[in-house]
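Asks: This is the structure I want to talk about, given as structure tokens.
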Amino acid sequence: MKKLIIIGAGSYGREIYNLALECNGYGLEFEIKGFLDNLYEEIGYEGYPEILGKVDEYEPQANDVFVCALMDVDIKKKYIDIVAERGGKFINLIHKTASIWKNTKLGIGCIVREDVRISCDISIGNFVTIQPMSLLGHDVEVGDYCHLNTYSFLGGKVKIGDMSTINTGAIVLPGMEIGGHSVVGAGSVVMRNVGDGMTVLGNPARIMKI
């Protein structure tokens with residue numbers, strides 16, 4: 001039996017713990033060992049597994065597997081890299097209510113939450129988080145480390161670059177491309193391509209100027 005360790009013991013880590021209890025494979029392929037968090041001395045919740053220590057101090061054991069419960073894509077990549085460099089292996093958490101259709105490829109370390117709908121012929125990279133009630137149309141491509149928030153919609157043939165964030169309720173119309181390390185604001189409607197490193201907001205979505 002694999003021993004699942006959740007990276008991040010804060011509020012989202014607690015959500016992912018509860019998610020794991022309802023995911024395919026729980027109790028059959030893996031059980032939950034605990035959390036890792038660099039601020040573990042400041043965190044304490046009753047009724048959850050123990051915090052095993054800091055991410056950058058933990059030595060992975062033979063049966064350990066990991067999932068990262070951090071929402072910021074840069075921080076997520078930072079701590080995933082630390083664990084991976086020490087030989088840690090990552091698994092996917094896929095909720096039983098998620099629907100994944102034919103010819104979809106899913107990378108490692110992904111989190112697919114409740115009532116997600118993933119259509120056919122889709123490519124999803126490594127360490128992608130897809131929040132509840134999100135919908136991905138046919139032939140979508142999602143890069144590594146992306147975060148798709150609740151109720152996000154990606155139309156058919158949309159392409160999302162690595163380490164991008166699509167926020168709550170955002171709509172990306174069919175055929176649009178979002179560059180790497182970009183952010184689509186909550187409730188936005190993307191009607192034209194978005195370049196690398198851009199933040200867009202509104203309906204229609206426009207580049208935010210700082």
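The values are calculated or read from the model by the stated rules, or taken from the named source; none is laboratory data. The shown structure was predicted, so the numbers you read here are calculated from the model rather than taken from an experiment. Here the Cβ is made from the backbone with ideal geometry for all residues, glycine too, and neighbour counts use every protein chain on show.
Asks: Does T165 satisfy the condition of being polar (S, T, N, Q) and touching a residue at least 24 places away in the same chain (Cβ under 8 Å)?
Replies: Criteria met by T165.
Asks: All but one of (1) closer than 18 Å to D162 by Cα; (2) assigned by TED's automatic domain parsing to the domain that holds N149; (3) in contact with a His (Cβ under 8 Å, 6 or more places away or on another chain) hold for C110, so report the exception by its number.
Replies: Among (1) closer than 18 Å to D162 by Cα; (2) assigned by TED's automatic domain parsing to the domain that holds N149; (3) in contact with a His (Cβ under 8 Å, 6 or more places away or on another chain), the lone unmet condition for C110 is (3).
Asks: Something else now. Within region 55-90, which residues are surrounded by fewer than 16 Cβ atoms within 10 Å (Cβ to Cβ), under 18 Å from the mean Cα position of the chain (by Cα) and under 22 Å from L21 (Cβ atoms)?
Replies: K89
Asks: Scan region 197-210 for residues that are under 21 Å from M71 (Cβ atoms), assigned to a loop (DSSP other than H, G, I, E, B) and at pLDDT 95 or above and jot them down.
Replies: G197, M198
Asks: Could you list, in sequence order, all residues of region 149-177 that are touching a helix residue (DSSP H, G or I) at 6+ places or on another chain (Cβ under 8 Å) and either surrounded by fewer than 17 Cβ atoms within 10 Å (Cβ to Cβ) or of a type in the set (S, T, N, Q) (or both)?
Replies: Scanning region 149-177 gives S164, T165.
Asks: Picking from E15, E31, which residue would you name as being farther than 19 Å from V128 by Cα, surrounded by 14 or more Cβ atoms within 10 Å (Cβ to Cβ) and either of a type in the set (D, E, K, R) or in contact with a helix residue (DSSP H, G or I) (Cβ under 9 Å, 6 or more places away or on another chain) (or both)? Full working, then the answer.
Replies: Working: E15 fails: farther than 19 Å from V128 by Cα.
Only one candidate qualifies: E31.
Asks: Any idea which of L39, L52, L21 is of a type in the set (A, V, I, L, M, F, W, C), closer than 25 Å to V73 by Cα, at pLDDT below 95 and surrounded by fewer than 16 Cβ atoms within 10 Å (Cβ to Cβ)?
Replies: It is L39.
Asks: Go through the residues of region 167-187 one by one and say whether even a single one is more than 22 Å from H95 (Cβ to Cβ), in a loop (DSSP other than H, G, I, E, B), small (G, A, S) and in contact with a Lys or Arg (Cβ under 6 Å, 6 or more places away or on another chain).
Replies: yes
Asks: Same structure again: In the set K33, K102, K76, which member is among the charged types (D, E, K, R), outside the structural domain of G180 (by TED's automatic domain parsing), on the phi < 0 side of the Ramachandran plot and not in a strand (DSSP E or B)? Working first, answer last.
Replies: On the way: K33 fails: not in a strand (DSSP E or B); K102 fails: outside the structural domain of G180 (by TED's automatic domain parsing).
Just a single option satisfies the conditions, and that option is K76.
Asks: Take the residues of region 123-148 that are assigned to a loop (DSSP other than H, G, I, E, B) and out of contact with any Gly (no Cβ under 8 Å at 6 or more places or on another chain): which is surrounded by the most Cβ atoms within 10 Å (Cβ to Cβ)? Before the answer, list the steps.
Replies: Taking region 123-148 first, the residues assigned to a loop (DSSP other than H, G, I, E, B) are 125-128, 131-134, 137-140, 143-146.
Then keep just the ones that are out of contact with any Gly (no Cβ under 8 Å at 6 or more places or on another chain); that gives 131-134.
Details: Q131: 21, P132: 17, M133: 17, S134: 26.
Selected residue: S134.
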